[in-house]
Amino acid sequence: MSQHTFDGAVHQIQIYLRGLAGQRPAIPIALEHLEEKARQALRPEAWDYVAGGAGIEDTVRANREAFRKWRIVPRMLRDVSQRDLSVELFGLKMPAPVLLGPVGVQGIVHAEAEVASARAAASLGIPFVYSTAASRSPEQVAEAMGAAARWYQLYWSKDHEIAASMVSRAGRAGYSAVVVTLDTTILGWRPRDLERAFLPFLTGEGVGCFFSDPVFRSRLVAPPEQDPAAAVRLWGAVFGNPALSWNDLPFLRSRTKLPILLKGIVHPEDAARAVDAGVDGLIVSNHGGRQVDGAVGALDALPRVVGAVKGRIPVLFDSGIRNGSDAMKALALGARAVLLGRLYIYGLAIAGEAGVREVVQNFVGDFDLTLALSGYRSCGELSEAALVRE
């Protein structure tokens with residue numbers, strides 16, 4: 001059981017009290033200021049890689065617009081003096097319904113990459129979801145986190161034995177769930193990156209999980225340390241798997257006893273089929289708008305997915321989450337928890353581990369106050385009755 005608690009009222013008064021001593025927050029709190037400071041901290045090609053989306057970025061906009069379609073209807077005189085933000089997932093009690101989602105290539109954002117983000121998550125009791133596209137190995141991240149909760153996100157390789165090896169490593173390194181990302185079997189069309197001709201993997205960035213994998217290394221004539229160019233070529237040959245189908249899921253189940261979640265589900269028929277396939281959870285996501293331009297906003301997809309699942313497995317949510325009211329809306333529409341992506345990466349860009357920690361504290365503080373001011377004391381009290389659709 002986590003000993004971490006979050007109280008938005010306490011958090012904000014601490015900010016004001018520090019202000020009396022002339023100390024303002026090192027990390028901007030307003031989203032537009034946070035984004036701008038992160039942009040200034042990064043090389044232009046790194047900023048575009050982090051902030052950009054597919055095509056004309058219509059799906060990125062749709063994700064935000066989906067939240068605006070739902071409005072919170074606050075309730076009064078309901079005694080919200082004592083609040084409990086905790087939720088439980090797969091036997092893990094979390095202090096808030098928040099995880100740090102899988103974001104790859106963090107080495108282009110900060111020198112300590114995923115290690116910094118993972119340490120911040122561990123310090124707050126927030127689970128960290130490690131990406132197959134990480135700059136550091138899963139073992140390095142696990143060592144940095146100690147006993148703190150962590151999940152492993154899998155990009156399923158064309159070489160199934162490489163994928164199986166990665167999942168086995170995750171189990172040995174103390175990761176407690178496997179998140180299979182389904183929407184990136186091929187990289188989407190991303191004009192910002194294409195105009196800069198910048199794909200970080202080709203420079204050896206974001207391949208930490210591959211280059212450290214024994215099965216991947218066994219496919220090479222010389223190890224990556226001796227011939228990095230050949231290792232990058234092999235990465236290009238095996239990354240992604242457009243042939244992946246429902247028929248492949250039993251293979252993964254045969255290779256791990258960990259809970260398996262499917263990430264990228266936005267259609268109710270896919271959600272129902274996933275339940276029938278025996279997976280343990282779903283994550284409604286469109287990859288933050290980075291894969292299919294013109295796709296449905298993730299929050300617009302959430303209620304139909306939740307309806308198709310019928311409570312049989314937990315549904316989580318990401319894509320477009322920026323503030324506390326976003327989290328409340330997602331939970332009211334049936335999500336068990338939300339995953340942060342770009343938001344915490346902005347903190348990483350500005351101040352590394354401390355930046356991630358502060359961004360997450362601000363986010364959860366905002367969520368706690370939004371929950372209380374809307375008349376709710378716990379996540380379990382939320383339902384669609386808390387909202388009205390414009």
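The values are calculated or read from the model by the stated rules, or taken from the named source; none is laboratory data. Bear in mind that the values here come from a model prediction, so they are computed numbers and not experimental data. Every residue, glycine as well, gets a Cβ built from its backbone with ideal geometry; the counts of neighbours run over all protein chains shown. These area figures cover heavy atoms from the full protein model, side chains too; ligands, DNA and RNA do not enter into them. Shrake-Rupley method; radii C 1.70, N 1.55, O 1.52, S 1.80 Å.
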| Residue pairs meeting the criteria (Cβ under 8 Å; at least 6 apart or on separate chains; first of a type in the set (Phe, Trp, Tyr), in segment 63-83; second open to solvent by 100 Å² or more (accessible area, probe 1.4 Å) and in a loop (DSSP other than H, G, I, E, B)) | Trp70/Glu390
| said: Among the residues of segment 66-74, are any out of contact with any Ser or Thr (no Cβ under 7 Å at 6 or more places or on another chain), under 30 Å from Ile260 (Cβ atoms) and among the β-branched types (Val, Ile, Thr)? | reply: no
| query | Restricting attention to segment 60-97, and to residues there that are under 17 Å from the mean Cα position of the chain (by Cα) and within 22 Å of Ala301 (Cα to Cα), which single residue is surrounded by the fewest Cβ atoms within 10 Å (Cβ to Cβ)? | reply | Arg64
| field | Selected residue (only one of Ala271, Ala330, Ala301, Ala308 is small (Gly, Ala, Ser), crowded, with 20+ Cβ neighbours inside 10 Å, part of a helix (DSSP H, G or I) and in contact with an Asp or Glu (Cβ under 8 Å, 6 or more places away or on another chain)) | value | Ala308
| said: Residue under question is Val296, and the condition is that it be part of a loop (DSSP other than H, G, I, E, B), surrounded by fewer than 24 Cβ atoms within 10 Å (Cβ to Cβ) and of a type outside the set (S, T, N, Q); does it hold? | reply: yes
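Just for segment 333-375: of the residues that are more than 25 Å from Arg312 (Cα to Cα) and part of a loop (DSSP other than H, G, I, E, B), which one is nearest to the chain's Cα centre (by Cα)? Working first, answer last.
Residues of segment 333-375 that are more than 25 Å from Arg312 (Cα to Cα), as a first pass: 341-375.
Going one step further and asking which of them are part of a loop (DSSP other than H, G, I, E, B), we end up with 341, 374-375.
On the way: Gly341: 5, Ser374: 26, Gly375: 28 Å.
Out of the qualifying residues, it is Gly341.
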| Which numbered condition Ala116 fails, given (1) touching a helix residue (DSSP H, G or I) at 6+ places or on another chain (Cβ under 6 Å); (2) more than 29 Å from Thr59 (Cβ to Cβ); (3) crowded, with 22+ Cβ neighbours inside 10 Å | (2)
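Tell me, which residue of segment 359-382 that is of a type outside the set (A, V, I, L, M, F, W, C) and open to solvent by 50 Å² or more (accessible area, probe 1.4 Å) is nearest to Pro97 (Cα to Cα)? Explain how you work it out, then say what you get.
Let us first name the residues in segment 359-382 that are of a type outside the set (A, V, I, L, M, F, W, C), namely 361-362, 365-366, 368, 370, 374-378, 380-381.
Of the ones still in play, those that are also open to solvent by 50 Å² or more (accessible area, probe 1.4 Å) are 361, 366, 377, 380-381.
Details: Gln361: 13, Asp366: 13, Arg377: 13, Gly380: 11, Glu381: 13 Å.
For segment 359-382, the residue satisfying everything is Gly380.
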